[in-house]
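A.B. asks: Right, I'll just put the structure down here and ask away after.
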Amino acid sequence: MLKENAIADFKANLRGGLIEPGDKDYDEARKVHNGMIHKRPRLIARCADVADVISSVNFGRENDLLVSIRGGGHNAGGLGICDDGLVIDLSPIKYTRVDPEARTVTVGGGCTWGDVDQNRVGIFSLPALDLPRTLM
């Protein structure tokens, strides 16, 4: 069983936020692109950086929680959300680094194609998608 002091410690060490049932933004935070999916996670960790992701994975493992990972876009099957587990939400981690010399692009886990496209990644002749909200 998940202990409240473990949750409090986890929350205190996250640079992003931790959302629980009963929090005012819980219902909005648990929504996914597919409106037919209505799962209720025990915790939603809105990760601000890699350290938050590592901390979240460790917390899930140490507390034997079902873990799902949600990126910036959508998954029609609702795989980015779970019932009674921990959602590791990457949507706040948005960055696009373009290295024209190496012809590489590094993209944060919360980015959608729209985030990447607005950073002129088209200079690499990447396939164009007309779905700006699609997960990378």
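A.B. asks: When residues of the range 79-106 are filtered for being more than 25 Å from LEU65 (Cβ to Cβ) and part of a strand (DSSP E or B), how many remain?
C.D. replies: Final tally of qualifying residues: 7.
A.B. asks: Same structure again: If I filter the range 11-22 for residues that are of a type in the set (S, T, N, Q) and crowded, with 19+ Cβ neighbours inside 10 Å, do I get at least one hit?
C.D. replies: No: the range 11-22 contains no residue that is of a type in the set (S, T, N, Q) and crowded, with 19+ Cβ neighbours inside 10 Å.
A.B. asks: With (1) aliphatic (A, V, I, L, M); (2) out of contact with any His (no Cβ under 7 Å at 6 or more places or on another chain); (3) surrounded by 14 or more Cβ atoms within 10 Å (Cβ to Cβ); (4) not in a helix (DSSP H, G or I) as the list, and MET36 as the residue in question, which single condition is left unmet?
C.D. replies: (3)
A.B. asks: Test SER68 against the stated conditions and say whether it is of a type outside the set (Asp, Glu), in contact with a Cys (Cβ under 7 Å, 6 or more places away or on another chain) and farther than 24 Å from VAL116 by Cα.
C.D. replies: On the way: of a type outside the set (Asp, Glu): yes; in contact with a Cys (Cβ under 7 Å, 6 or more places away or on another chain): yes; farther than 24 Å from VAL116 by Cα: no.
No, not satisfied.
Each value in this text was obtained by applying a stated rule to the coordinates, not by laboratory testing. Because the structure is predicted, anything quoted here is derived from the model rather than measured. Note: ideal-geometry Cβ built from the backbone for every residue, glycine included; neighbour counts use all protein chains shown.
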